[in-house]
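Shown next, in structure tokens, is the structure this report addresses.
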Amino acid sequence: MTLNLCVMAPNRVVWNSEAQEIILSTNSGQIGVLPNHAPLLTALDIGIMKIRINTQWTTMALMGGFAMIENNQLTILVNEAEKASDIDPQEAQNTFQEAQDNLNQATGRKQTIEANLAFQRAKARLEAVSASPSSAYR
């Protein structure tokens, strides 16, 4: 039994295939999605999504959005998404360090909010590329 997973960003379809299991980062924590999941509409947080196809796990960084589950179809609309395989690990580490430094040096409310968002995005990209297939939940 499988789910059809479709991940769409404003300018492209990022992912469109079947999967056996999906783990999402929502605004209220992580949720696992298996075939025959109850219908659900949820907001997604900036974070990673884990996708299991047969016995292989893949990760993707999601930059916030919404997920709708209905009739073994999981549709995800995101602001931006990147497959872990498309992320350069060294660049992700450098961006994370820079975002962390900017957050620590932020002054004022607006600058702190912007620095925090940049930090969350950089952290999600680094987590996606650092996540090993064996670390995914079973």
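The values are calculated or read from the model by the stated rules, or taken from the named source; none is laboratory data. A quick note: this is a predicted structure, and the numbers were derived from the prediction, not measured. Cβ: placed from backbone, ideal geometry, glycine included. Neighbour counts: every protein chain shown.
Within the bounds of segment 109-123, is there any residue that is crowded, with 19+ Cβ neighbours inside 10 Å, under 18 Å from Thr26 (Cβ atoms) and not aromatic (Phe, Trp, Tyr)? Looking for residues that are crowded, with 19+ Cβ neighbours inside 10 Å, under 18 Å from Thr26 (Cβ atoms) and not aromatic (Phe, Trp, Tyr), one finds at least one in segment 109-123, hence yes.
Annotation: Ala19 fulfils all but one of (1) at pLDDT below 95; (2) small (Gly, Ala, Ser); (3) more than 24 Å from Ala122 (Cα to Cα); the unmet one is (1). Could you say whether any residue in segment 72-83 is surrounded by 14 or more Cβ atoms within 10 Å (Cβ to Cβ) and touching a His at 6+ places or on another chain (Cβ under 9 Å)? Checked segment 72-83: at least one residue is surrounded by 14 or more Cβ atoms within 10 Å (Cβ to Cβ) and touching a His at 6+ places or on another chain (Cβ under 9 Å). Considering segment 33-77, the residues that are in a strand (DSSP E or B) and hydroxyl-bearing (Ser, Thr, Tyr) include one that is nearest to Ala128 (Cα to Cα), namely Thr59. Just so you know, in segment 8-32 the residues that are among the small types (Gly, Ala, Ser) and either in contact with a strand residue (DSSP E or B) (Cβ under 7 Å, 6 or more places away or on another chain) or assigned to a strand (DSSP E or B) (or both) include one that is nearest to Ser130 (Cα to Cα), and it is Ser25.
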